[in-house]
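**Q** Dumping the structure here so I can ask a few things about it.
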Amino acid sequence: MALNSIHGDAVLGSNLCINDVLRDDELRSILGRVESEKDKETFGLVCKRWLRLQSTERKKLAARAGPLMLRKMADRFTRLLELDLAQSVSRSFYPGVTDSDLAVIANGFTCLKILNLHNCKGITDTGMKAIGEGLSLLQSLDVSYCRKLTDKGLSAVAKGCSDLRILHMAGCRFVTDGVLEALSKNCRSLEELGLQGCTSITDNGLIYLASWCHRIRFLDINKCSNVSDVGVSSISRACSSSLKTLKLLDCYKIGDKTILSLAEFCGNLETLIIGGCRAVSADAIKLLATACGSSLKNLRMDWCLNISDSSLSCVLSECRNLEALDIGCCEELTDASFQFISNEEPALSLKILKVSNCPKITVAGIGIIVGKCTSLQYLDVRSCPHITKAGLDEAGFHFPESCKVNFNGGISEPVVLL
């Protein structure tokens, strides 16, 4: 029977309702072709049946709810894959997410693969144990700044969620090497690990991790002050083909051995944060630039006081795909760092350049860079005494139209190098 048009629930030219004509799988097929989330919500307003189908097909949800509402949501959204319960730092609510909520989630959202609990400060190891026991399909978990969590709860997650690929635990100060040991034994598909500010993590934990987790592509150990060359080098060797992002901000025990290990093993490295690693030498940076020149896109080495003009020249010469560079507070750098760039050289790919607190860099050096960086979007020249707006205007330099120049901190900074 030909169906000419639809008006409300009735098929014109017949006495049949569209719900009598189309089966559930056919309606799901129609819903699957709807691209806009708003249109999908509208689909569910047609009738209770369409609402039920729309609910069961929903894959992602952000919510602020207690146990009772979570139970109702679990009954409605039976195939949910991603649940976001993260709390804002500036607009948190009391009591926030609790262990009781996590128990409901573990029992009700059994298909869940992604769970965001960022800044949910009320949860404890009890809630984590429930997650480990109930969400065996979980692949991504963010418990950053859930400050009550310890090895006990997170090890339970590692044991119960063997398919875990992404785990962020920034600010969980009670976490120790025990969690990394549990991850190594149980979560061998781990790809992304965030440990910023977990100051109890040591080289032993990284060595445990490197034993079996060989697919890590992103590792953030910013401000993990007890980590040294021994632990990081074990990761670079074990994850040589996969490691693309390594963050070591203010890891003051890191030195040349780490940089040389990265140069030797990690030819696919794209982002390296070594700000505050003052023991790193200029020669090590040259070797890194030569080895990773084709892959490196983001490099932060502010407060690396041994960086010289020749090493920075090598970075700019070899790393032609570099998009973001921070050399702030490298006080020995001068305009000579940029003078290798000739008119014959192809344009640099830099979009973000931070040279704050570099007292020996002048307007002349900035002029060379501006002339070769046609894609520049952000330039930080704060506390550079020889670089002022008046000086740049007088020199007649023409910045790219979209470029923001930060002279005094009045412009928000890009997050790519954090």
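The values are calculated or read from the model by the stated rules, or taken from the named source; none is laboratory data. Just so it is clear, the structure is predicted and the values come from calculations on it, not from any experiment. A quick note on method: Cβ atoms are made from the backbone with ideal geometry, for glycine too, and the neighbour counts reach across all protein chains shown. When the accessible area is computed, the model is the full protein with side chains, heavy atoms only, and any ligands, DNA or RNA have been set aside. Shrake-Rupley method; radii C 1.70, N 1.55, O 1.52, S 1.80 Å.
**Q** Scan the range 280-292 for residues that are open to solvent by less than 60 Å² (accessible area, probe 1.4 Å), over 18 Å from Ser236 (Cα atoms) and not polar (S, T, N, Q) and jot them down. Spell out how you get there, then give the answer.
**A** Residues of the range 280-292 that are open to solvent by less than 60 Å² (accessible area, probe 1.4 Å), as a first pass: 280-282, 284-285, 288-289, 291-292.
Within this subset, residues satisfying the condition of being over 18 Å from Ser236 (Cα atoms) are 281-282.
Correct list: Ala282 only.
**Q** Moving on to the next point. If Ser349 satisfies every condition in (1) under 26 Å from the mean Cα position of the chain (by Cα); (2) open to solvent by 30 Å² or more (accessible area, probe 1.4 Å); (3) at pLDDT 95 or above but one, which is the exception?
**A** (3)
**Q** Could you list, ordered by first residue, the pairs with Cβ atoms under 6 Å in which the first is in the range 135-149 and at positive phi and touching a residue at least 12 places away in the same chain (Cβ under 8 Å) and the second is assigned to a loop (DSSP other than H, G, I, E, B) and of a type in the set (Gly, Ala, Ser), at least 6 apart or interchain?
**A** Listed pairs, sorted by first residue: Tyr145/Gly171.
**Q** Could you grab me the full set of residues in the range 193-213 that are more than 19 Å from the chain's Cα centre (by Cα) and open to solvent by 20 Å² or more (accessible area, probe 1.4 Å)?
**A** Within the range 193-213, Thr199, Ser200, Thr202, Asp203, Asn204, Ile207, Tyr208, Ser211, Trp212 qualify.
**Q** Could you tell me whether Leu418 is assigned to a loop (DSSP other than H, G, I, E, B), under 26 Å from Asp283 (Cα atoms) and open to solvent by 20 Å² or more (accessible area, probe 1.4 Å)?
**A** Taking the combined requirement at face value, the residue satisfies it.
**Q** Working only within the range 134-182, note down all residues that are of a type in the set (Val, Ile, Thr) and either assigned to a helix (DSSP H, G or I) or within 17 Å of Asp101 (Cα to Cα) (or both).
**A** Val143, Val157, Val179
**Q** If you don't mind, there's one more thing I want to ask. Consider Ser295 against the criteria (1) out of contact with any Leu (no Cβ under 9 Å at 6 or more places or on another chain); (2) open to solvent by less than 30 Å² (accessible area, probe 1.4 Å); (3) among the polar types (S, T, N, Q): it satisfies all of them except one. Which criterion is unmet?
**A** Of everything listed in (1) out of contact with any Leu (no Cβ under 9 Å at 6 or more places or on another chain); (2) open to solvent by less than 30 Å² (accessible area, probe 1.4 Å); (3) among the polar types (S, T, N, Q), Ser295 misses just condition (1).
**Q** If I go through the range 328-346 residue by residue, how many of them are open to solvent by 50 Å² or more (accessible area, probe 1.4 Å), at pLDDT 90 or above and closer than 18 Å to Lys286 by Cβ?
**A** Result for the range 328-346: 1.
**Q** What number goes with the only condition from (1) within 21 Å of the chain's Cα centre (by Cα); (2) more than 25 Å from Tyr145 (Cα to Cα); (3) surrounded by 24 or more Cβ atoms within 10 Å (Cβ to Cβ) that Leu248 does not pass?
**A** With respect to (1) within 21 Å of the chain's Cα centre (by Cα); (2) more than 25 Å from Tyr145 (Cα to Cα); (3) surrounded by 24 or more Cβ atoms within 10 Å (Cβ to Cβ), Leu248 is out only on (2).
**Q** Filter the range 352-383 down to the residues that are basic (Lys, Arg) and modelled with pLDDT of 95 or more and list them by number.
**A** Across the range 352-383, the qualifying residues are Lys354, Lys360, Arg382.
**Q** Which residue pairs have Cβ atoms under 7 Å apart, sit 6 or more places apart or on different chains, and have a first residue in the range 386-403 that is within 18 Å of Ile361 (Cα to Cα) and a second that is surrounded by 13 or more Cβ atoms within 10 Å (Cβ to Cβ) and modelled with pLDDT under 90?
**A** Listed pairs, sorted by first residue: Phe397/Val370; Phe399/Val370.
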